[in-house]
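Engineer: Quick one: this structure, given as structure tokens, is what I'll be asking you about.
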Amino acid sequence: MRRSVALFMVLAVVASLGAPAVAGGKKKKISGSFGASLAPFPKLAAAGDAVGLTKPGCTAGEENVHWVGHEFTPPAKGTLKLSMEGFTGDHDEYVFVGDLLLARGDQEQVGQGMAPPNEDITVSLKAKQTVLLVACNWLGQPDVEAHYEFTFTK
């Protein structure tokens, strides 16, 4: 009898770990933030590297000096939203899978074509697909903060 109860309890725990991401009709989410104080890195072709030939934008600078990254691996498939807002100047964000650029948010916030001070990226991710979320300072005030929210899909 005790064995049956113990086996039942083990199976219940294992089943709950493998349960779908939707509980009670509500989608589960994972969210967080990351940021740093960063120096601007307005990479120009005159600096010996045409924009986009190696790493895009300010990700060609140094990590934790010009850009900050946060690794994220979802436990199941879903949608990731990466956003920054309320900054001063021109800050950008990127999502990488290894060295491959998956998505970018690099609106021009300075100069004549000024966009509002916000960046948003939404990408679909597979289960266990590790991505690097990047926030960087292209040409703005030093404080950079990015927020991410991952929503599980059925």
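Readers should treat all values here as calculations from the given coordinates under stated rules, not as data from a laboratory. Quick caveat: nothing in here was measured; it's all calculated off a predicted structure.
Engineer: Provide the per-residue ³J(HN,Hα) series for the stretch 77-83, in order, calculated from phi with Karplus coefficients 6.51, -1.76, 1.60 and θ = phi - 60°, each as a whole number of Hz, with x at glycine and proline positions.
Structural biologist: Rounded to whole hertz, the list is 6, x, 10, 10, 10, 10, 8.
Engineer: Between Ala127 and Asp143, what length in nm is gained on full extension when 0.36 nm per residue of separation is reduced by their alpha carbon distance?
Structural biologist: Net length gain for the segment: 2.6 nm.
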